[in-house]
Amino acid sequence: MTQQLDYLKETPSQTAGPYVHIGLAPGAAGFDIYRQELGWDIAGPNARGERIRVEGVVIDGMGSPIKDVMLETWQANSEGIYAHPEHTGDVEDGFRGWGRVITDFDTGEWGFDTVKPGPVKLPDGKVSAPHISLWIVARGINVGLQTRLYFEDETEANAADPVINLIEWEKRRQTLIARKTERDGKTVYRFEVKLQGPDETVFFDI
Amino acid sequence: MLKPGPFYQRDREWHPPAHTPNYKTSVSRSPQYSMISLENNVSEITGPTFGHNDIDPLDKDLIYNYAKSGESAIGERIILHGRVLDENAKPIPNTLVEIWQANAGGRYRHKKDTYLAPIDPNFGGCGRTLTDENGYYYFRTVKPGAYPWRNWVNNWRPAHIHMSIFGTAFCQRLITQCYFEGDPLIAKCPIVNTIPDPAAIELLVAKLDLNATIPLDTIAYKFDIVLRGRRSTLFENRPEGN
């Protein structure tokens with residue numbers, strides 16, 4: 001016999017199911033209950049930097065858009081600072097950097113407004129290219145999927161990004177790059193997440 | 001004081017795999033390539049924080065938070081309570097816990113739910129709270145009913161409450177489901193059985209807690225939640241070249 005380690009085991013994940021909206025976005029489920037729902041304003045009114053819109057869709061293995069998916073977003077501000085006590089630096093009043101995004105029930109399209117995050121300095125001296133972390137849950141997804149959205153117009157930063165460079169297959173790196181478009185003078189990035197197939201999005205075990 | 005370091009790796013053999021054919025919807029929604037393993041860095045060890053300005057005290061009382069004045073939700077009145085801990089058994093204070101569930105008849109208040117059990121006009125079906133300084137949380141609600149769902153022809157979900165928990169870091173983010181001790185449907189549920197290890201399933205079953213019951217009023221179930229723990233930085237290595 002040996003001594004016992006006294007760690008606990010993590011609570012196992014279960015799917016968010018088709019009715020995730022009731023808990024996390026009740027307005028979308030069809031009723032009004034809370035004074036305010038959380039995650040609708042990612043950057044807040046005082047955020048500096050470029051205002052952008054991000055739009056996309058999550059596509060299943062049959063090639064169909066998933067209409068009951070929910071995404072959460074996590075990002076730094078335009079100066080590369082996260083609104084978190086362990087990250088040194090200040091963010092603008094009202095900047096949380098976190099958002100909840102639900103799809104249109106008919107089309108599966110989703111979108112959110114935010115500011116473009118800045119590059120993040122890492123403790124080892126490297127720099128992370130501007131990115132938004134995404135967490136994707138839905139019916140049929142047993143453990144929330146983690147991925148990252150990078151920006152097409154950050155070619156140099158992306159080429160030096162330590163996470164992108166961990167991906168052995170250069171072709172797969174492209175699945176993390178949001179395409180830049182413009183609409184009515186506003187920058188819109190398009191990001192399609194594919195759960196299966198030859199262009200399957202890179203997901204991270206973080 | 002030791003500096004907090006990276007989080008313990010998530011045990012992917014403990015969690016359900018992505019591809020679980022008996023839960024049919026997972027088949028076309030499960031990535032097929034291997035995930036890329038990422039050591040924790042700034043984007044992973046940070047995460048959103050919430051405060052008491054974000055929520056209201058009544059949000060955690062599902063019997064009354066959607067009820068008309070003087071009325072209340074129908075069903076078996078229960079308290080669901082417990083602690084949010086990390087794998088080091090350390091309480092996680094001030095973290096957001098959100099729940100959602102069907103009503104006592106097994107019907108969700110959702111525009112996509114068409115089950116024939118009736119909507120309860122006084123029950124919304126969602127609640128949220130922040131853990132206190134000891135990681136403790138509690139909700140008052142009604143016990144949800146079992147309901148049928150389309151998977152095989154005759155599948156019934158065991159009574160369950162969906163739970164969403166944040167912790168302090170985006171890599172701790174977790175959604176799970178809480179089941180109730182003694183429910184014979186647990187062992188038969190294809191969603192429960194996506195989890196390979198029976199010991200892991202046990203962690204999702206809330207235990208009847210008579211000590212926390214309010215006599216002649218409300219029965220209680222205890223449900224602790226464990227999020228990923230993190231190691232301490234014991235030795236700092238100097239970056240190469242310095």
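The values are calculated or read from the model by the stated rules, or taken from the named source; none is laboratory data. In this text the structure is predicted, and so the values were computed from the model without any measurement. Heads up, the Cβs are rebuilt from the backbone with ideal geometry, glycines too, and the neighbour counts pull from every protein chain shown. Note: areas computed on protein heavy atoms with side chains; ligands, DNA, RNA excluded. Shrake-Rupley method; radii C 1.70, N 1.55, O 1.52, S 1.80 Å.
Here the Karplus relation 6.51 cos²θ - 1.76 cosθ + 1.60, evaluated at θ = phi - 60°, turns the backbone of the range B:159-169 into coupling constants of 3, 7, 10, 6, 9, 10, 9, 9, x, 10, 9 Hz, with x for every Gly and Pro. Does chain B come out rounded, prolate or oblate by the C-alpha gyration tensor, with a ≥ b ≥ c the root eigenvalues, rounded set by a/c under 1.5 and, if not, prolate when a/b is larger than b/c and oblate if not? Since a/c reaches 1.5 but b/c is at least a/b, the shape of chain B is classed as oblate. Proximity of backbone amide H atoms, modeled 1.01 Å from N, is registered between B:GLY82 and B:TYR137, B:PHE223 at under 5 Å, excluding neighbours fewer than 5 places apart on the same chain.
Around the amide H of B:GLY167, modelled in the peptide plane, lie the amide H atoms of B:LEU96, all under 5 Å away and 5 or more residues distant in sequence or on another chain. Buried accessible surface for the B/A pair, both sides summed and rounded to the nearest 100, is 7500 Å² with a 1.4 Å probe.
Per-residue Karplus couplings for the range A:47-56, computed as 6.51 cos²θ - 1.76 cosθ + 1.60 with θ equal to phi - 60°, are listed in order as 5, 7, x, 7, 6, 10, 10, 10, 10, x Hz, Gly and Pro entered as x.
Are any of the pairs A:LYS126/B:LYS3; A:LYS180/B:LYS111; A:LYS126/A:LYS194; A:LYS9/B:LYS112; A:LYS116/B:LYS3 more than 26 Å apart by Cα-Cα distance, and if so, which? In this structure, A:LYS180/B:LYS111; A:LYS126/A:LYS194; A:LYS9/B:LYS112; A:LYS116/B:LYS3 lie more than 26 Å apart at Cα. Charge tally around B:ALA146: other residues with Cβ under 12 Å, Lys/Arg +1 each, Asp/Glu -1 each, net +3. What the phi angles of the range A:66-78 give under the Karplus curve with 6.51, -1.76 and 1.60, with θ = phi - 60°, is a coupling list of 8, 9, 10, 8, 10, 10, 10, 10, 9, 8, 7, 7, 5 Hz, glycine and proline written as x.
The charge dipole of the range B:87-143, taken about the Cα centre with unit charges on the Cβ atoms of Lys, Arg (+1) and Asp, Glu (-1), comes to about 320 debye, rounded to the nearest 20. Across peptide B:60-68, the average count of Cβ atoms from other chains found within 10 Å of a residue's Cβ is 1.
Of all aspartates and glutamates in the structure, those lying under 14 Å Cα to Cα from A:LYS171, and not within fewer than 8 positions of it along the same chain, are A:ASP199, A:GLU200. Centre-to-centre separation between the Cα atoms of the range B:60-103 and those of the range A:118-164: 34 Å.
At 0.36 nm per residue, minus the direct Cα-Cα distance, what do A:GLU109 and A:GLU79 gain on full extension? Give it in nm, one decimal, please. If you can, show how the numbers build up before the last one.
Numbers: separation 30, 0.36 × 30 = 10.80 nm, distance 2.93 nm.
Taking 0.36 nm per residue and subtracting the Cα distance, the gain is 7.9 nm.
Could you work out, residue by residue across A:143-149, how many beta carbons of other chains sit within 10 Å of that residue's beta carbon, and then give the average as an integer? Before the final figure, lay out the partial values.
Values: counts 12, 4, 5, 8, 3, 2, 0.
What the average comes to for A:143-149 is 5.
Once you average over the residues of B:168-174, how many Cβ atoms of partner chains fall within 10 Å of each Cβ? Display every interim value, and only then the final one.
Details: counts 3, 4, 11, 7, 2, 9, 7.
Mean shielding by partner chains, rounded to a whole number: 6.
Amide H to amide H, with H built 1.01 Å from N, A:ARG148 comes under 5 Å of A:LEU134, counting only residues 5 or more places away or on other chains.
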